[in-house]
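No value in this document is a laboratory result; all are computed from the given coordinates. All values reported here derive from a predicted model rather than from experimental measurement.
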Amino acid sequence: MNDHGGANVEVTVTLNSGEGFTNTGAGAALTWDILGNLVATITGLNATDFSISHDGTSTGNLDGTGSRFYEIDCTTAACGNGGNAPLTGTPIDFTIDNVSIADFISNGKTASGYYFASDICTSVVERSCAGITGDVAANAATTPVPEPASLGLLGGGLFALAYALRRRKAVI
């Protein structure tokens, strides 16, 4: 997730190799809640593989992770039912307009609460689910990732500092 300090949040969910989104009936491909159950607009979703099933106006339910107001499902054309033919290698990419990262809230069903939940298969072999299916939940709303320009600036500064210290040491 990234809001670039603005009022829109970009979301990308990419599964590890060998995992896939499923339609097991346990939940959705991705689900979350926003403070005050705001009706936010979701744009840029890959409609071939994913669809919005709850958009803040109704509640969905995920086994073990509670009720959520926002859900994105893997379409039946992309994912088979009951964990058959999971969708692998395709990330969920979209933007949520008029919210910031601070607007995401945890679901208080458990002591730690979950920010997101996803219905996946943990091991896909030859387009079949060979692993466990069901809900996987995440306890952190964000994982900050530095942008390349910031990393380049930091690296350049550290290099200049090391060079200056080395020259100073050589002069003394």
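The table below gives the values:
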quantity: Residues with amide H under 5 Å from that of Ala29, placed H, sequence gap 5 or more; calculated: Ile72, Asp73, Cys74, Asp119
quantity: Cα gyration tensor category, rounded, prolate or oblate, for segment 1-42 with a/c compared to 1.5; calculated: oblate
quantity: HN-Hα J in Hz across segment 71-84 - Karplus 6.51, -1.76, 1.60, θ = phi - 60°, x for Gly and Pro; calculated: 9, 10, 9, 7, 5, 5, 5, 8, 10, x, 7, x, x, 6
